[in-house]
Amino acid sequence: MLVTDDIHALSKAVSGPVTLPDSPEFAAETRAFNAATVHRPDVVLGAENAQDVAAGVKWAAERRLPVAVQSTGHGADSVVEGGLLINTRRLQELQIDPVERTARVGAGVKWRSVLAASVPLGLVGLHGSSTDVGVVGYTLGGGLPVLGRAHGFAADHVRSMEVVTADGALRRIDAEAEAELFALMRGGKGNFGIVTELEFSLFPLGEFYGGGIIYPGADAADILAAFREWLPTLPDIASPSISLLRLPEMDFVPAPLRGQFVVHLRFAFLGTREDGDVLLAPMRAVSSPLMDTAGPMSYLDVDQIHMDPADPLPFTAGGALLKDLGEETAADLLKLTGDGSDCPLLLVEIRPLGGALARAGALPDAVSGRDAAFLLFLLGFKMPPVAEAVAGSIRGVLAEMAPHSTGYTLVNFHGEPGDETDRARAWSPAVYERMRAAKSSYDPGNLLRFGHTITGVPSAT
Ligand SMILES: Cc1cc2nc3c(=O)[nH]c(=O)nc-3n(C[C@H](O)[C@H](O)[C@H](O)COP(=O)(O)OP(=O)(O)OC[C@H]3O[C@@H](n4cnc5c(N)ncnc54)[C@H](O)[C@@H]3O)c2cc1C
């Protein structure tokens, strides 16, 4: 149990705020974008710099207190109970090097800030569907980008990082310095330490074509069949995805679509209007779109492609990697989640992998699942009238779809972490075994044990 002297010792060692559960600031310091998750740590440290993170971890290690980390709370898939929560949102350093085509960011930086600085220089980073997500948490989980088929996973393009390991040491690591730790951090999530700074590659941006087409949900079977035929015709510089949406009567939904069941095709293409129109033509001819926003787009509007909610909401999610989207797979998915089913989920999303996502990066990393054809991702709001039904529905759909799955997940889309066997499904067996060995050496006391973490190899003694 922590006593006043412990809290004084932490406050003396750091420059950022130290907040206890009875403080009026506690709610703001622990709040997650996923409003269904209300963290209850013993104490929160609002780190202002890397030294604060190192001092906080050291302090916790001396007391054998577990340590959790949060920047935005987009990935708050489970509750932090007890221990020290390090809030990194104040680590806002951001530098772009347009010559080297790199960005260096602090652990609190969101993708939106990176794009605001890089797009005017003609460069983009490999963000996901919402640029409100934090760069570091996303990238450590592999980072499945909007432009993934063109460039691969975000983790493939990290050049170096600064990380505080469970012993409180601040290390600068890259392909040469502590190469195994560097490899396993990129895709291994927060298992081995708390990243304070990340350096990664940016990519040149020419013309950009993007947006979405929304169709009536009743035509979902035809649209999925057309999507399946259309995919192999696309070049890797085109990244589409498709989802079934049960849209709530909420402000983030365009007014004419509120309360409707629809299919949403998303399209991101590194090319011209003419080429984009030609590529999209087959999908424009399927069904009668209710809305079509695809066209030349300012890259700063890239969030309009997926239209993810921008404000915190309570949700729960789960995912699986699929072997295919063949007729049987699509039919089974529609039976469970399509028109006429009693599915309570907001989102049933299918993201094709392939292209650069299927190829290993230049440097080895922990990203697994490159052999899968599609990611299936399910998400429901924990709000009336479906609040009680969504978790069971996600479990049920994933169980029924298991014959079509590779058996693995992507850690960023895994949803609530279950037992060790369940958490291990985010990595190939070979990567998981390397991670267990690294966990034993970098975090032998299992200090970092919240969320999508694994345990080390039991010691021989
Ligand atoms: C609306 C929305 C859209 C999304 N779209 C995509 C997408 O397109 N592609 C994709 O790959 N993912 C996507 N995600 C998932 C997202 O990448 C993960 O939830 C990610 O963990 C969010 O990182 P964060 O730092 O913003 O969240 P946080 O909740 O703050 O952090 C989540 C976890 O990341 C780890 N972490 C965070 N910071 C650090 C750190 N400094 N050091 C070590 N570990 C750390 C910890 O394990 C922490 O528990 C999306 C999520 C949401 C809610």
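Might you report the magnitude of the Cβ-based charge dipole of region 27-186 about its Cα centre, with Lys and Arg at +1 and Asp and Glu at -1, to the nearest 20 debye?
For this selection, approximately 340 debye.
Enter the Cα centre distance for the pair region 205-239 and region 1-52, rounded to the nearest angstrom.
Centre-to-centre (Cα) distance: 45 Å.
Between D251 and D371, how many nm apart are label points set 7 Å from Cα along the C-beta direction?
That separation, rounded to one decimal, is 4.8 nm.
E388 versus D174, label points 7 Å from Cα toward the beta carbon: distance in nm?
According to this spin-label approximation, the distance is 5.7 nm.
How large is the charge dipole for the chain, taken about the Cα centre, if only the Cβ atoms of Lys, Arg (+1) and Asp, Glu (-1) carry charge, to the nearest 20 debye? Show your work: numbers first, answer last.
Details: 37 positive and 56 negative charges, 106 e Å.
About 520 debye.
Across 20 Å bins from the origin, how do the percents of Cα pairs in the chain run, short distances first?
Result, from short to long distances: 25, 58, 17, 0 percent.
Looking at M291, I214, L357, which one has the Cα that reaches farthest to the positive end of the dipole of region 209-413 (charges on Cβ: Lys, Arg +1; Asp, Glu -1)?
Among M291, I214, L357, the one farthest towards the positive end of the dipole of region 209-413 is L357.
Residues with amide H under 5 Å of A68's amide H, sequence separation 5 or more or different chain, H placed in the peptide plane at 1.01 Å from N; which?
Here the answer is L84, L85, I86, since their amide H atoms fall under 5 Å of that of A68.
So what is the relative contact order for the chain, in percent, with contacts set as C-alpha pairs under 8 Å and at least six apart?
17
Quick one: net charge around V44, please, counting Lys, Arg +1 and Asp, Glu -1 for every other residue with C-beta under 10 Å from its C-beta. Write down the numbers at each step before the final one.
On the way: positive: none; negative: E25, E29, D42.
Taking every Cβ under 10 Å from that of V44, the sum is -3.
How high is the relative contact order of region 45-116? Use alpha-carbon pairs under 8 Å, at least six apart in sequence, and give a whole percent. If you can, show how the numbers build up before the last one.
Details: 93 pairs, mean separation 21.5, N = 72.
Relative contact order of region 45-116: 30 percent.
If we count every other residue with Cβ under 9 angstrom of A356's Cβ, Lys/Arg +1 and Asp/Glu -1, where does the sum land?
Around A356, the charge tally is 0.
Put +1 on the Cβ of each Lys and Arg and -1 on the Cβ of each Asp and Glu in the chain; which of L448, A317, L378 then has its Cα farthest toward the positive end of the dipole?
Farthest along the dipole direction, towards plus: L448.
Loop-only check: which GluC sites (Glu not before Pro) in region 328-411 are DSSP coil with at most 14 other Cβ within 10 angstrom?
E388
Please give the charge dipole size of region 209-413, origin at the Cα centre, charges +1 on K and R Cβ atoms and -1 on D and E Cβ atoms. Round to the nearest 20 debye.
That gives a dipole near 300 debye.
Taking a spot 7 Å from the Cα of D5 along the direction of its beta carbon, which residues of region 48-72 have an amide N less than 18 Å from it?
Under 18 Å, as judged by backbone N against the label point of D5, lie 59-65 of region 48-72.
Looking at A54, S71, S11, which one has the Cα that reaches farthest to the positive end of the dipole of region 4-87 (charges on Cβ: Lys, Arg +1; Asp, Glu -1)?
It is A54.
How big is the gap, in Å, between the Cα center of region 325-347 and the Cα center of region 75-92?
35
Net charge around S341, counting only other residues with Cβ within less than 14 Å of its Cβ (Lys, Arg = +1; Asp, Glu = -1)?
-2
Going by alpha carbons, how many degrees (0 to 90, nearest 10) lie between the helix axis of 50-62 and the longest principal axis of the chain?
The two axes meet at around 60 degrees.
Set the Förster radius R0 to 51 Å, insert the Cβ-Cβ distance between E229 and V99 as r into 1/(1 + (r/R0)^6), and round the FRET efficiency to 0.05. Could you put the intermediate results ahead of the total?
Values: r = 43 Å, r/R0 = 0.85.
Approximately 0.75, to the nearest 0.05.
Laboratory data are not the source of any read-out in this text; all were calculated from the coordinates shown. What you see is a predicted model; the values in this text were computed from it and never measured. Here Cβ is always computed from backbone atoms with ideal geometry, including for glycine, and neighbour counts include all displayed protein chains.
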